[in-house]
1. Return the only residue of 51, 79 being surrounded by fewer than 19 Cβ atoms within 10 Å (Cβ to Cβ), over 10 Å from the mean Cα position of the chain (by Cα) and modelled with pLDDT of 95 or more.
2. Residues of the range 83-92 being surrounded by fewer than 13 Cβ atoms within 10 Å (Cβ to Cβ) and either within 16 Å of residue 3 (Cα to Cα) or in contact with a helix residue (DSSP H, G or I) (Cβ under 8 Å, 6 or more places away or on another chain) (or both), which ones?
3. Which one is modelled with the lowest pLDDT among residues in the range 54-76 that are under 16 Å from residue 13 (Cα atoms) and surrounded by fewer than 15 Cβ atoms within 10 Å (Cβ to Cβ)?
4. Does at least one position in the range 68-77 carry a residue that is at negative phi and assigned to a loop (DSSP other than H, G, I, E, B)?
């Protein structure tokens with residue numbers, strides 16, 4: 001079973017509003033241009049509402065983005081999960097026990 005998490009993240013980047021994000025170009029926490037330098041520490045800029053951002057820092061998806069990725073792994077289409085999503089695997093497994 002394969003998860004196309006790269007495509008999931010690209011979807012957030014290319015169309016953040018479709019997933020309820022205000023932006024995918026600025027991280028919620030960081031420093032420098034676009035909050036894109038370094039990992040989040042107490043000294044860095046912090047956004048007022050983390051659910052509006054696709055990325056927490058320069059490297060990690062936000063909690064909301066991770067939740068959407070997990071939803072795709074559990075019940076997404078073959079665009080994201082191949083050959084089937086995890087819920088289908090669990091349903092098939094429960095029929096065999």
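1. Values: 79 fails: modelled with pLDDT of 95 or more.
Matching residue, one of 51, 79: 51.
2. As a first pass, look at the range 83-92 and keep what is surrounded by fewer than 13 Cβ atoms within 10 Å (Cβ to Cβ): 83, 90-92.
Across the range 83-92, the qualifying residues are 83, 90.
3. The selected residue is 59.
4. Initial filter on the range 68-77 (at negative phi): 68-77.
Now drop any that are not assigned to a loop (DSSP other than H, G, I, E, B), which leaves 76-77.
Yes.
The values are calculated or read from the model by the stated rules, or taken from the named source; none is laboratory data. None of these values were measured; they are calculated from a predicted model. Counting neighbours? That spans all protein chains shown, and the Cβs are built from the backbone with ideal geometry, glycine included.
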